[in-house]
């Protein structure tokens, strides 16, 4: 990707982070930027390189978040990918190399089904590890809620996750509801703390890979030294912290592994390209496949094996 394009992508991301759901004309006014210039950048990159998504507090709807690493290859890998693709509770999967070679997963598990996580993973390999992931903002155990909404809320949450800038009229037509009803549903999700905000992010397609590091101590030096890199940090209770440092095609992944190795107790390299299409498809019906069609709660995480 050209340097000029990357600069435009970063600029658009910064602007939409400040004004995620406002109209382009309103954003141009607020940012004191030419509308034509903003529209040109927006048309070139929004929906392809930059996305605005609703951010959810899944604790409020009774979901716990896990990371898992599976040592797996060959025919077992083929079977695992096919089944995990169908499982909506496996929200992301990518290939991983390093301390373990195989698959890395992010799993959202209904709290009453956490006892089944090990059974799910053991169906594919005897070499695996998994950890609950917590926000670094809180040291307390989350107070989990439950799913008590209608099925249409699950469909709405999927649409807002894919693109929070989708026109209300389009959402209303898809749900067969009026615009005031859709606005009420969104307001209800916000008031209940399920929607915690709207975030503009650079689409993962811009990145080729990520360094995944696990450390006993918070990675202050990584965040300071690599402040220009997209970085995510989570807390692993009883273990320490997990950090993702995202790399573009311009970065030498092998060199970065060596460079970052000094900061972590364990380090792995996660590749995105092989699973981009799968993860994109999973994003489109995540909640609407997790939730039972009658809205009475979640399906089983073992149902998709």
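Can you work out which of the residues in the stretch 133-148 that are touching a helix residue (DSSP H, G or I) at 6+ places or on another chain (Cβ under 8 Å) and at pLDDT 95 or above is surrounded by the most Cβ atoms within 10 Å (Cβ to Cβ)?
Filtering the stretch 133-148 for residues that are touching a helix residue (DSSP H, G or I) at 6+ places or on another chain (Cβ under 8 Å) and at pLDDT 95 or above, the one surrounded by the most Cβ atoms within 10 Å (Cβ to Cβ) comes out as 147.
Which condition number does residue 299 fail, the rest of (1) more than 22 Å from residue 55 (Cα to Cα); (2) assigned by TED's automatic domain parsing to the domain that holds residue 223 being met?
Single failed check for residue 299: (2).
Could you pull out the residue among 192, 123 that is under 20 Å from residue 295 (Cα atoms) and touching a residue at least 40 places away in the same chain (Cβ under 8 Å)? It would help to see each step written out before you state the result.
Details: 123 fails: under 20 Å from residue 295 (Cα atoms).
Answer to the selection: 192.
Examine the stretch 82-99 for a residue that is surrounded by fewer than 21 Cβ atoms within 10 Å (Cβ to Cβ), farther than 18 Å from residue 278 by Cβ and modelled with pLDDT of 95 or more, and state whether such a residue exists.
There is no residue in the stretch 82-99 that is surrounded by fewer than 21 Cβ atoms within 10 Å (Cβ to Cβ), farther than 18 Å from residue 278 by Cβ and modelled with pLDDT of 95 or more.
If residue 270 passes every condition in (1) crowded, with 17+ Cβ neighbours inside 10 Å; (2) more than 21 Å from residue 209 (Cα to Cα); (3) in contact with a strand residue (DSSP E or B) (Cβ under 8 Å, 6 or more places away or on another chain); (4) in contact (Cβ under 8 Å) with a residue 60 or more places away in the chain but one, which one does it miss?
(2)
Just wondering, is there one or more residues in the stretch 96-105 that are under 18 Å from residue 303 (Cα atoms) and free of Cβ contacts under 8 Å to residues at least 60 places away in the same chain?
For the stretch 96-105, residues under 18 Å from residue 303 (Cα atoms) and free of Cβ contacts under 8 Å to residues at least 60 places away in the same chain: present.
Return yes when residue 194 is surrounded by fewer than 19 Cβ atoms within 10 Å (Cβ to Cβ), in contact with a strand residue (DSSP E or B) (Cβ under 9 Å, 6 or more places away or on another chain) and assigned by TED's automatic domain parsing to the domain that holds residue 103 and no when it is not.
Spelling it out, it is not the case that residue 194 is surrounded by fewer than 19 Cβ atoms within 10 Å (Cβ to Cβ), in contact with a strand residue (DSSP E or B) (Cβ under 9 Å, 6 or more places away or on another chain) and assigned by TED's automatic domain parsing to the domain that holds residue 103.
Would you point out which residue out of 194, 211 is modelled with pLDDT of 95 or more and under 29 Å from residue 62 (Cα atoms)?
194
Can you tell me how many residues within the stretch 111-129 are surrounded by 17 or more Cβ atoms within 10 Å (Cβ to Cβ) and either outside the structural domain of residue 86 (by TED's automatic domain parsing) or assigned to a strand (DSSP E or B) (or both)?
So the count comes out to 1.
If we keep just the residues of the stretch 54-65 that are crowded, with 22+ Cβ neighbours inside 10 Å and touching a helix residue (DSSP H, G or I) at 6+ places or on another chain (Cβ under 8 Å), which is nearest to residue 157 (Cα to Cα)?
54
Across the stretch 151-177, what is the number of residues that are part of a loop (DSSP other than H, G, I, E, B) and surrounded by 13 or more Cβ atoms within 10 Å (Cβ to Cβ)?
Matching residues across the stretch 151-177 total 5.
When the residues of the stretch 32-88 are narrowed to those that are assigned to a strand (DSSP E or B) and farther than 23 Å from residue 206 by Cβ, which ends up farthest from the chain's Cα centre (by Cα)?
71
The values are calculated or read from the model by the stated rules, or taken from the named source; none is laboratory data. All values derive from a computational prediction rather than experimental measurement. Note that each Cβ is placed from the backbone with ideal geometry, even for glycine, and that neighbours are counted across all protein chains shown.
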